[in-house]
Protein chains: 2
Amino acid sequence: LPQASRLDPGLRSETVRRANLSVIVRGLHEHGPLSRSELVSETGLTRSAIRGLVGQLVDSGLAVEDRAVRLGTPGRPSPLVRLDAAATTALAFDIAVDSLAAAIVGLGGVVLEEVRIDRPRGHSSVEDVLADLAQLAAGLGDTRFPDPTMIGIGVAVAGVVRRSDGLVAIAPNLGWTNVPLGARLSVALGVAVPVAVGNEADLGGLAEHRRGVAVGVDDVLYVSGEVGVGGGLIVGGSPLEGAAGYGGEIGHMPVNPAGSSCRCGSTGCWETEVGEEALLTRSGRPRDAGRAGVDEILCDAEAGVAQALAALADVGSWLGVGLAGLVNILNPRLVVLGGQFSRIFPFVRDSLQAELERRALLAPRGLVRVVPASLGIDAPLLGAAELAFEPILADPAAWFGPRLGSARLATA
Amino acid sequence: LPQASRLDPGLRSETVRRANLSVIVRGLHEHGPLSRSELVSETGLTRSAIRGLVGQLVDSGLAVEDRAVRLGTPGRPSPLVRLDAAATTALAFDIAVDSLAAAIVGLGGVVLEEVRIDRPRGHSSVEDVLADLAQLAAGLGDTRFPDPTMIGIGVAVAGVVRRSDGLVAIAPNLGWTNVPLGARLSVALGVAVPVAVGNEADLGGLAEHRRGVAVGVDDVLYVSGEVGVGGGLIVGGSPLEGAAGYGGEIGHMPVNPAGSSCRCGSTGCWETEVGEEALLTRSGRPRDAGRAGVDEILCDAEAGVAQALAALADVGSWLGVGLAGLVNILNPRLVVLGGQFSRIFPFVRDSLQAELERRALLAPRGLVRVVPASLGIDAPLLGAAELAFEPILADPAAWFGPRLGSARLATA
């Protein structure tokens with residue numbers, strides 16, 4: 001007999017109940033409160049099945065039923081079911097180039113508390129960052145840490161991350177190589193809940209898909225422009241991770257092999273043509289002028305300064321070149337420009353579109369729209385919370401029982 | 001109430017039975033005959049559930065149970081369950097640049113009959129191609145056409161295909177634009193079974209994943225090198241289609257924006273550096289020397305002719321440039337070089353690998369292997385059969401009943 005199963009698992013009565021609980025919890029998490037009638041019509045399950053499943057979610061403390069409300073439809077009013085954001089929470093962190101952030105997010109996606117502090121650019125020791133994160137977290141919530149409602153921790157980091165164990169293979173802006181961030185954060189915070197780590201662009205894309213401009217769109221290319229350029233790809237409704245979670249490094253797609261050297265060791269990566277440094281140097285500024293330098297360029301552009309407009313147009317053209325390739329490869333319905341790209345969008349739109357028209361195949365190009373992101377700087381932080389919630393969305397029943405019971409007692 | 005359901009459908013007892021039938025049929029189709037004991041251990045379903053489900057498959061004529069065989073394991077021998085390849089078949093076509101092919105493939109992936117004829121390169125009218133395909137199909141199987149066992153038709157075509165309805169948006173080598181190939185083939189063949197059309201590289205990748213060198217690998221990049229260069233991407237175990245099935249046009253990723261003009265209207269697409277014409281011109285041959293010209297280059301290379309070796313090494317370098325970008329974007333576990341690329345593989349391997357080392361990020365590069373394809377010229381044809389089988393794999397129960405019953409009578 002084979003070692004590992006080659007077939008998909010079959011569905012047994014117990015797995016069916018768990019799968020249906022997952023459909024309901026994921027639905028409420030992504031779409032907000034729904035009436036029992038809506039749950040019946042949207043899932044195709046019977047009224048009595050929904051009653052039973054919702055009852056289990058209420059008993060476990062994951063959901064609450066509000067007093068029945070009339071929805072303007074005929075018939076008896078149907079009780080409104082919502083997740084209890086205060087009873088089940090995730091702690092989210094964002095380790096960005098210019099800032100560190102922490103938030104407590106309730107199941108259902110409600111941001112209960114959030115704090116963000118600037119950090120100086122450049123290399124930081126892992127110890128320093130962990131200490132800063134612990135301090136941020138301790139300032140959130142009530143005086144007890146960890147809060148007993150917390151079921152998991154999600155971390156967004158500007159680096160290449162192995163999803164299985166939260167190893168940061170490389171984070172050039174932090175100066176990190178092979179840092180077991182998930183394990184070290186568990187130790188630093190002294191918590192037993194799972195810690196999931198993801199790349200900031202992957203998680204920014206996930207957040208825009210769940211909570212932002214890409215809600216309801218199954219094929220999305222999120223392009224994050226910070227110092228580095230990263231991508232968060234949604235393919236057929238799910239994040240593209242690749243073999244180990246390293247997928248989405250679109251900033252290191254070679255677009256100009258005779259071009260400038262890249263931090264990654266290659267030359268002519270997309271990032272070298274569209275990243276922050278490319279914009280700064282094209283506008284005659286020092287390459288390390290940072291976010292303040294970009295602010296100046298945007299001011300100049302508003303005032304009609306030719307060099308700033310030309311630098312932005314040039315970045316726009318190269319954005320269009322790379323996007324054309326990605327549109328041909330991935331056939332997305334929506335391209336979402338995040339980070340700095342959403343700020344410069346009005347000034348790069350025309351030159352971007354011109355290259356896209358010239359280089360993308362007619363068929364996929366005709367289906368795609370390019371829009372700025374809607375969640376701003378918080379997208380990776382919100383995506384980190386989504387990552388932390390994923391296990392409870394996939395199998396809510398695994399969270400019934402003693403842990404949740406005690407959490408409810410503790411917060412009662 | 002919403003128009004379209006925002007939630008995933010719930011699982012009801014009827015959908016559970018159908019889903020479990022799908023797990024079994026897909027398992028037998030992809031992995032070959034399995035004993036009832038193996039089905040129990042691999043699906044996690046009970047012995048009695050497997051007995052019931054297998055009984056339904058046997059009653060419907062999809063599967064047969066062979067006499068119990070001893071598997072070298074203790075205990076009672078367990079009957080071996082296999083799909084009945086002769087009772088349920090697909091008709092597959094391949095419209096390639098240099099040839100047309102047709103095959104009858106049995107459920108389970110058994111090629112029952114196959115025929116391939118050369119076609120002259122260049123533009124062909126849709127009418128001519130349809131007539132040729134009809135003639136090929138009529139020569140297969142017994143004298144009746146359509147064969148009553150045939151449940152669907154799959155077509156691979158060297159073009160950009162909208163998956164939902166088989167519209168060929170553009171097929172540059174055939175000279176086709178906006179050809180409703182699926183509908184026209186149904187009419188030309190006078191059949192009522194579904195016709196599914198896919199891009200040849202997408203289907204080549206699917207075949208290598210199901211039947212070839214990439215079996216069991218969840219993240220695969222299949223690169224098809226014919227006159228054009230296309231990709232078949234497997235992401236998390238499933239084909240990447242994108243919003244409309246146009247995904248995978250990796251040949252039109254801009255790698256050298258100052259480079260040569262491409263058939264697509266852009267400049268410096270990957271195809272202009274690694275396609276057949278690039279190899280031919282680099283070796284001093286006419287760009288239209290075709291497959292015979294490539295044969296000559298390979299002969300020269302075997303004999304150590306410097307110009308041929310240099311041309312191949314140059315193509316290898318550019319292969320490595322593009323693959324580095326794709327490895328960074330997709331984090332595949334396996335890159336499969338198909339079509340002409342599998343033939344030239346021994347002569348491009350070193351220069352390809354050197355650029356890949358130089359340009360791919362360390363983390364994803366460390367996980368990926370580059371191998372030649374194993375199914376040769378037949379990969380798209382086999383993938384077309386897989387496409388035709390997909391509906392019966394996804395929901396075998398929908399095929400129980402009158403149609404299969406009469407098919408069995410007709411072939412009895």
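The conditions are (1) assigned to a helix (DSSP H, G or I); (2) of a type in the set (Val, Ile, Thr); (3) more than 30 Å from B:SER164 (Cα to Cα), and B:VAL370 fails exactly one of them. Which is it?
(1)
Of all residues in region B:263-275 being modelled with pLDDT of 95 or more and open to solvent by 10 Å² or more (accessible area, probe 1.4 Å), which is farthest from the other protein chains (Cβ to nearest Cβ)?
B:THR272
What is the one condition in (1) open to solvent by less than 60 Å² (accessible area, probe 1.4 Å); (2) more than 8 Å from every other protein chain (Cβ to nearest Cβ); (3) in contact (Cβ under 8 Å) with a residue 40 or more places away in the chain; (4) more than 19 Å from B:PHE400 (Cβ to Cβ) that B:PRO33 does not satisfy?
If we test B:PRO33 against (1) open to solvent by less than 60 Å² (accessible area, probe 1.4 Å); (2) more than 8 Å from every other protein chain (Cβ to nearest Cβ); (3) in contact (Cβ under 8 Å) with a residue 40 or more places away in the chain; (4) more than 19 Å from B:PHE400 (Cβ to Cβ), just (1) comes out false.
For A:ILE95, only one of the following conditions fails: (1) open to solvent by 10 Å² or more (accessible area, probe 1.4 Å); (2) at pLDDT 95 or above; (3) more than 9 Å from chain B (Cβ to nearest Cβ). What is its number?
Evaluating A:ILE95 over (1) open to solvent by 10 Å² or more (accessible area, probe 1.4 Å); (2) at pLDDT 95 or above; (3) more than 9 Å from chain B (Cβ to nearest Cβ) leaves (1) as the failure.
Cβ-Cβ distance below 9 Å, separation of 6 or more or different chains: which pairs start in region A:321-332 with a residue that is at the interface with another protein chain (Cβ under 8 Å from one of its Cβ atoms) and touching a residue at least 24 places away in the same chain (Cβ under 8 Å) and end on one that is among the hydroxyl-bearing types (Ser, Thr, Tyr) and open to solvent by less than 10 Å² (accessible area, probe 1.4 Å)?
A:ALA324/B:SER266
What strands (runs of 3 or more DSSP E) lie completely within region A:148-211 and have 2 or more residues being closer than 20 Å to A:ALA134 by Cβ, at pLDDT 95 or above and of a type in the set (Val, Ile, Thr)?
On the way: elements: A:150-157, A:160-162, A:167-171, A:176-180, A:195-199.
By residue number, A:150-157, A:195-199.
Are any residues in region B:36-52 surrounded by 18 or more Cβ atoms within 10 Å (Cβ to Cβ), more than 7 Å from every other protein chain (Cβ to nearest Cβ) and among the hydroxyl-bearing types (Ser, Thr, Tyr), and if so, which ones?
B:SER37
Which residues, taken from region B:217-236, are at pLDDT below 95 and part of a loop (DSSP other than H, G, I, E, B)? Walk me through how you get there before you give the answer.
The initial filter retains those residues of region B:217-236 that are at pLDDT below 95, namely B:225-228.
The answer is B:GLU226, B:VAL227, B:GLY228.
Could you check region B:99-143 and list, in sequence order, the residues that are assigned to a strand (DSSP E or B) and surrounded by fewer than 18 Cβ atoms within 10 Å (Cβ to Cβ)? Quick ask: steps written out before the conclusion?
Taking region B:99-143 first, the residues assigned to a strand (DSSP E or B) are B:99-106, B:110-118.
Hits for region B:99-143 are B:SER99, B:VAL110, B:VAL111, B:LEU112, B:GLU113, B:GLU114, B:VAL115, B:ARG116, B:ILE117, B:ASP118.
Filter region A:10-50 down to residues that are outside any helix (DSSP H, G or I) and hydrophobic (A, V, I, L, M, F, W, C) and give me whichever is nearest to B:ILE24 (Cα to Cα). Full working, then the answer.
Initial filter on region A:10-50 (outside any helix (DSSP H, G or I)): A:10-12, A:32-35, A:44-46.
Filter once more, so that each one left must be hydrophobic (A, V, I, L, M, F, W, C): A:11, A:34, A:45.
On the way: A:LEU11: 11, A:LEU34: 35, A:LEU45: 25 Å.
Step by step, filter region A:10-50, then rank; the result is A:LEU11.
Tell me whether region A:282-305 contains one or more residues that are open to solvent by less than 40 Å² (accessible area, probe 1.4 Å) and in a loop (DSSP other than H, G, I, E, B).
Yes: one or more hits.
For region B:356-378, indicate whether the set of residues that are polar (S, T, N, Q), more than 14 Å from every other protein chain (Cβ to nearest Cβ) and open to solvent by less than 40 Å² (accessible area, probe 1.4 Å) is non-empty.
Here is the first cut: in region B:356-378, the residues polar (S, T, N, Q) are B:374.
If we keep only those that are more than 14 Å from every other protein chain (Cβ to nearest Cβ) too, we end up with B:374.
The next check asks that each one be open to solvent by less than 40 Å² (accessible area, probe 1.4 Å); those that pass are none.
The answer is no, given that none of the residues of region B:356-378 is polar (S, T, N, Q), more than 14 Å from every other protein chain (Cβ to nearest Cβ) and open to solvent by less than 40 Å² (accessible area, probe 1.4 Å).
Conditions: (1) within 14 Å of chain B (Cβ to nearest Cβ); (2) touching a Ser or Thr at 6+ places or on another chain (Cβ under 8 Å). A:ASP300 meets all but one. Number of the miss?
The single condition A:ASP300 does not satisfy is (1).
How many residues does region B:322-347 contain that are surrounded by fewer than 23 Cβ atoms within 10 Å (Cβ to Cβ) and either acidic (Asp, Glu) or over 20 Å from the mean Cα position of the chain (by Cα) (or both)?
Here the count works out to 3.
Could you count how many residues in region B:247-262 are aliphatic (A, V, I, L, M) and surrounded by fewer than 22 Cβ atoms within 10 Å (Cβ to Cβ)?
Initial filter on region B:247-262 (aliphatic (A, V, I, L, M)): B:250, B:253, B:255, B:258.
With surrounded by fewer than 22 Cβ atoms within 10 Å (Cβ to Cβ) added as a condition, the list becomes B:258.
Matching residues across region B:247-262 total 1.
Which residue, of A:ALA244, A:ALA183, is open to solvent by 10 Å² or more (accessible area, probe 1.4 Å), of a type outside the set (Phe, Trp, Tyr) and away from chain B (no Cβ under 13 Å)?
Numbers: A:ALA244 fails: away from chain B (no Cβ under 13 Å).
Only one candidate qualifies: A:ALA183.
Just checking, does region A:225-232 include any residue being more than 14 Å from chain B (Cβ to nearest Cβ) and touching a Phe, Trp or Tyr at 6+ places or on another chain (Cβ under 6 Å)? So that I can check it myself, show each step before the final result.
Step one: list which residues in region A:225-232 are more than 14 Å from chain B (Cβ to nearest Cβ), which gives A:225-227.
Remaining after also requiring touching a Phe, Trp or Tyr at 6+ places or on another chain (Cβ under 6 Å): A:225.
Among the residues of region A:225-232, at least one is more than 14 Å from chain B (Cβ to nearest Cβ) and touching a Phe, Trp or Tyr at 6+ places or on another chain (Cβ under 6 Å), which makes the answer yes.
Of the numbered conditions (1) open to solvent by less than 60 Å² (accessible area, probe 1.4 Å); (2) modelled with pLDDT of 95 or more, A:GLN353 satisfies every one except a single condition; which is it?
It fails just one condition, (1).
The values are calculated or read from the model by the stated rules, or taken from the named source; none is laboratory data. Just so you know, these numbers come straight off a predicted model, no measurement behind them. A quick note on method: Cβ atoms are made from the backbone with ideal geometry, for glycine too, and the neighbour counts reach across all protein chains shown. Please note that ligands, DNA and RNA were not included when accessible areas were found on the heavy atoms of the full protein model with its side chains. Shrake-Rupley method; radii C 1.70, N 1.55, O 1.52, S 1.80 Å.
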